[in-house]
Amino acid sequence: MSTSSMEKHLFNLKFAVKELERNSKKCDKEEKKEKAKAKKAIQNGNMDVARIHAENAIRQKNQAVNYLRMSARVDAVSSRVQSALTTRKVTGSMAGVVKAMDAAMKGMNLEKISSLMEKTWDVQSSVMEGTMSDTVTTSVPQGDVDNLLQQVADEAGLELNMELPSGVQSQTIGASTTQVSQEQDELTQRLARLRQAE
């Protein structure tokens, strides 16, 4: 699939997210209208009509939640497509750097090799930062969600009855950072040996 085609799909996904959010808000408004009609019917003593409006309000509420859920799923897919596009661009840059390094290695121009390696480190750090930000944005810890729900409930003066999982495990990034620094040390040592060999 070409990059322009992926960008077109990404645009369509983002548009779908907005449309689903809009439909959810529309259902919320309809739910409020139905509740008001139900209240008015109760005040007039017409329980059958009130029941119909209450059913409509519940249906609209469920539909609004379904739209929001679908919007969140489509948004997650959109984020993955965005990540794939970024990865494809970085991969293209890396391929260019590798070709240039290959040409420099054939000529054994150490200054050129050194400058290309600096570019490679820049690309690697941008890939690492991109991966880290994708990880942070695509996986929302359940504990954060529960804390936010509790905060919203506290602000509204409501009691939130939900069981929180005990001992939420946090993921550490230290292991991957150590591996990257070890790879960099190995490459630096190889470069030093190349310089000594000349």
* Residue pairs, from the table Lys18/Lys99; Lys14/Lys89; Lys14/Lys61; Lys8/Lys99, whose Cα atoms sit over 32 Å apart -> Lys18/Lys99
* **Sulfur and carbon atoms: percent of accessible area, the stretch 3-80 [1.4 Å]** => 54
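The values are calculated or read from the model by the stated rules, or taken from the named source; none is laboratory data. Keep in mind that this is a model prediction, so the values were computed, not measured. Ligands, DNA and RNA are excluded from the accessible area calculation, which covers all protein heavy atoms including side chains. Shrake-Rupley method; radii C 1.70, N 1.55, O 1.52, S 1.80 Å.
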